[in-house]
Every structure is written in C-alpha cells, then in structure tokens.
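Take a look at the structure below.
FYI, it's all coordinate maths here, none of it is from the lab. From a predicted model like this one, the values you see are computed outputs, not experimental measurements. Methodologically, a virtual Cβ is constructed for each residue, glycine included, from the backbone with ideal geometry; neighbour enumeration extends over all protein chains shown.
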Amino acid sequence: MRLGGVVDMSTIDWYGNVSLVVFFAGCNFRCPYCQNAGLIPLDSGETVGPEYLRKRLETEKNLLDSIVVSGGEPLLQPEGIRMACRLAREKGLKVMLNTNGSRPDVVEELLNEGLIDRVALDVKAPLTPEFYAPFLGGEAGNIPAMVKRTMEICREQGVELEARTTVAPGLSDEPGLIKAIAEDIRDLCDLYVLQQFDNMGEVLCPDLKSKTPPTKEKLIELAGVASEAGIKNVYIKTRISGLERIR
Ligand code: SF4
C-alpha cells in the first residue's frame with residue numbers, strides 16, 4: 001500500500017476512541033480547501049508492506065480502540081485498505097473509514113467482508129455534477145451519484161454513517177447551499193457535521209490559504225439551517241472547541 005503517513009494515537013479523528021490513523025496516498029478529487037494537498041498525486045507517499053503497520057499497531061496496542069483509514073482517498077487502494085483492516089481485526093480493533101464516497105463498489109465489498117464499523121463521508125456540495133465540479137477540478141460526471149450510492153449502501157447495511165461538509169469561505173458557506181445539501185442527504189445519514197475550514201498546513205488553493213476560516217457563530221447558523229431542513233443530529237467541529245452538538 002502507498003501511505004502518506006501514520007498518526008499513532010489520535011483522540012479527535014473518532015470521538016470517544018483512541019485511534020491509529022492511516023493516511024493513504026493519492027486522491028481523485030481536487031478540493032480547493034484540501035489540507036493534505038501533498039497526498040493528492042497517486043505516486044505520493046511511500047510503499048509499505050503489512051509489517052510496517054503491524055509494528056505500529058503493536059507499539060500502541062494496549063491503548064488503541066480503533067484505526068481510522070484516511071487519506072488522500074483510501075478507496076483507491078482496495079487491497080491496501082483490506083490489509084490495514086485485517087491487521088486491525090487481528091488486534092481486536094474497530095475500523096472507521098474516511099472517504100469522499102466516489103467508490104461505492106469498494107465500500108460495499110468491505111462492508112460485506114465485515115471490515116468496517118463506521119463510515120465518515122465528505123459531502124462536498126449538493127449532489128449534482130454542477131455543484132461537485134469545483135471539487136474535481138473539472139467535470140464531475142457521475143461522482144455525485146456515486147456519493148449518494150455510497151450513502152445508500154451504508155444505510156442498507158446498517159453501518160453508522162457520518163456525513164461531513166467542510167465550510168469554506170466563498171465555496172461552501174452559504175445557507176442556501178447547506179440547505180440543499182441537507183435536503184439531499186437527510187434520509188441517508190445518522191448525523192451531519194459542519195467542519196470549519198482550516199487554513200493551516202498545505203492548502204491546495206492559494207487564494208483560500210489567505211482567507212479567514214468561518215466563525216463558530218457562522219457554523220452554528222448553518223447547523224440551524226441543516227436541522228430545519230430535516231437532519232436529526234447536527235454537529236459543528238472547530239479548531240478551538242472540537243466537536244459540539246448543536247441540534
Ligand atoms: S480534501 Fe478532497 S482532495 Fe483532499 S484528500 Fe480529501 S477528497 Fe481528496
């Protein structure tokens with residue numbers, strides 16, 4: 001598998017759990033606010049075998065509850081994810097998948113194999129090609145339909161599904177846009193998180209790097225919009241306060 005890095009212990013990637021976070025290299029999206037821009041090229045990162053992860057898991061094995069499979073887009077490396085998930089299962093750990101939702105076929109296989117306990121899916125925009133185009137750096141084609149299908153599969157299989165939208169200035173901070181997203185996903189997810197764009201790190205779009213992140217008050221306002229559009233559990237996530245339930 002090609003990895004961009006591993007964080008040995010995190011308490012913020014899956015709240016309530018201590019997780020080892022595995023960052024798979026390579027992504028098929030080009031989100032302007034991406035903070036892992038260095039992991040977008042398919043040949044980024046380095047190739048490692050199962051022993052590498054086994055050793056990392058062994059080091060912290062008494063403290064970990066779970067692993068979080070992240071990226072980049074991990075679903076571009078189905079065999080790599082399988083390997084990471086099986087190692088986690090050997091150690092009795094739970095697995096959460098972070099994904100952009102573009103590979104429902106792989107999600108379905110992994111769920112059928114009993115390798116994933118929770119899915120956190122980025123919903124970048126309302127689920128149409130026009131709204132998704134800025135996040136692909138060009139034509140979005142059937143990607144929004146694939147994202148919807150991923151959510152449907154999670155629902156059919158009864159796996160816990162968190163939908164997330166990063167709120168970034170000028171890109172995804174309009175109440176009408178959040179309302180449209182909420183209407184698209186309200187029947188498909190258990191909870192929705194509006195996360196604050198963060199201009200720290202290696203942001204893909206230089207213009208965004210110089211912009212101020214939305215305030216907590218702005219996120220609370222948008223959470224209210226999502227709730228009124230019919231989503232039951234709405235949270236915000238900010239750099240300072242972490243995850244907070246709003247509705
Ligand atoms: S933020 Fe977008 S471009 Fe960056 S890793 Fe996630 S899906 Fe890929």
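A few remarks follow.
- Each Lys or Arg adds one and each Asp or Glu subtracts one; over the other residues with Cβ under 15 Å from the Cβ of VAL6, this totals 0.
- Rounded to the nearest 500, the 222 nm mean residue ellipticity of the chain from helices alone is -10000 deg cm²/dmol, with -39,500 (n - 2.57) taken per DSSP H run of at least 4 residues.
- Straight-line cross-link reach from LYS91 at under 18 Å between alpha-carbon atoms covers these lysines, not counting any fewer than eight positions away in the same chain: LYS55, LYS61.
- Distance between the pseudo-spin-label points of VAL6 and ILE220 (7 Å out from Cα toward the beta carbon): 4.1 nm.
- Each listed q (0.14, 0.20 Å⁻¹) maps to a log10 I(q)/I(0) for segment 1-106 from the Debye sum over equal C-alpha point scatterers, namely -0.49, -1.00.
- With neighbours defined as other Cβ atoms within 10 Å of a residue's Cβ, the residues CYS27, CYS205, CYS34 order from fewest to most as CYS205, CYS34, CYS27.
- Ranked by how many other Cβ atoms sit within 10 Å of their own Cβ, fewest first, the residues THR150, THR59, THR212 fall in the order THR212, THR59, THR150.
- Within the chain, percent of DSSP bridges classed antiparallel, to nearest 5: 25 percent
- Over the chain, the hull volume per residue, using the convex hull of the C-alpha atoms, is 114 Å³.
- What the phi angles of segment 16-27 give under the Karplus curve with 6.51, -1.76 and 1.60, with θ = phi - 60°, is a coupling list of x, 10, 9, 10, 8, 10, 10, 9, 7, 8, x, 8 Hz, glycine and proline written as x.
- Sequentially through segment 200-206, phi angles give Karplus couplings (6.51, -1.76, 1.60; θ = phi - 60°) of 6, x, 8, 6, 4, 8, x Hz, Gly and Pro residues having no value and appearing as x.
- Under Karplus coefficients 6.51, -1.76 and 1.60, residue-wise ³J(HN,Hα) of segment 158-164 in Hz, glycine/proline x: x, 8, 5, 10, 9, 9, 9
- When the inverse distances between all different Cα atoms of segment 47-133 are averaged and flipped, the Kirkwood radius reads 13.9 angstrom.
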